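The values are calculated or read from the model by the stated rules, or taken from the named source; none is laboratory data. Nothing here was measured: the structure is a model prediction, and the numbers come from that model. Virtual Cβ from ideal backbone geometry, glycine too; neighbours counted across all protein chains shown.
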Amino acid sequence: MAINVVVVEDDDVVRESLTKIIASANDLNCIATFSNSEEFSLAFRNLKVDVVLMDIHLPGENGIETVARLKEGNPNVQFMMCTSFDDPQRTYDSLAAGATGYLLKNATPEKLKDAIRDIHNGGSPMSSEIARLVVTSFKKQTKHNELLASFSAREQEVLILLSKGFQYKEIADKLFLSVETIRSYIRDIYEKLQVHSRTDAVNKVFH
């Protein structure tokens with residue numbers, strides 16, 4: 001039985017190319033294409049789809065947000081991010097959202113077809129470049145989580161607000177504390193991290 005595939009891609013040329021590659025395989029069937037997440041989401045519940053090739057950078061809701069919203073209620077549908085991005089954070093976010101494969105658009109037609117078959121059969125296809133990025137990203141994410149967990153709950157709140165660009169008085173107001181108390185927390189945070197500025201603190205914990 002053919003694997004039913006849907007393509008969600010806003011670039012007309014790329015969408016047409018992906019459709020032709022899928023159509024060239026006897027065991028793959030492209031049942032629909034969409035240029036944005038909104039139209040895809042409206043049609044999704046009526047599609048008998050096995051694999052979705054999902055672009056990340058879409059007008060309106062992006063591909064990561066769409067996967068996060070749709071995957072939980074439809075665990076049997078496999079989402080493969082097919083994108084030109086090789087940003088490790090986007091890779092990490094995509095997999096955290098529920099995507100089970102991730103390929104760059106410059107993959108050869110044979111690699112793309114094999115990846116669709118692989119993901120349908122329970123695999124998690126990724127190009128070697130993406131696999132390296134994922135390993136690096138997960139290592140960094142684990143390190144950041146461990147570092148953040150080393151602070152008290154209140155210090156974590158202060159750090160998160162610092163990372164969002166809030167000034168001392170704004171942080172004090174949000175946490176119902178005095179500015180001097182916030183300064184004390186931040187001094188302690190800097191000392192633990194062995195840094196001397198907001199930028200260095202935020203970069204060390206979150207980047």
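The set of residues in region 1-21 that are within 12 Å of His120 (Cβ to Cβ) and either touching a helix residue (DSSP H, G or I) at 6+ places or on another chain (Cβ under 8 Å) or buried (at least 21 other Cβ atoms within 10 Å of the Cβ) (or both) comprises Ile3, Val5. Inclusion of Ser37 among residues that are in contact with a helix residue (DSSP H, G or I) (Cβ under 8 Å, 6 or more places away or on another chain) and buried (at least 18 other Cβ atoms within 10 Å of the Cβ) is warranted. In the set (1) within 25 Å of Ala131 (Cα to Cα); (2) modelled with pLDDT of 90 or more; (3) surrounded by 15 or more Cβ atoms within 10 Å (Cβ to Cβ), the condition left unmet by Asn76 is number (3).
Contact map, region 146-170: residues that are of a type in the set (Val, Ile, Thr) paired with residues that are in a helix (DSSP H, G or I), Cβ distance under 9 Å, separation 6+ or inter-chain. Pairs shown: Val158/Ile171; Val158/Leu175; Val158/Ile182; Val158/Tyr185; Val158/Ile186; Val158/Ile189; Ile160/Leu148; Ile160/Phe206.
Each residue in region 98-122 was checked for being surrounded by fewer than 20 Cβ atoms within 10 Å (Cβ to Cβ) and either among the basic types (Lys, Arg) or under 11 Å from the mean Cα position of the chain (by Cα) (or both), and 5 pass.
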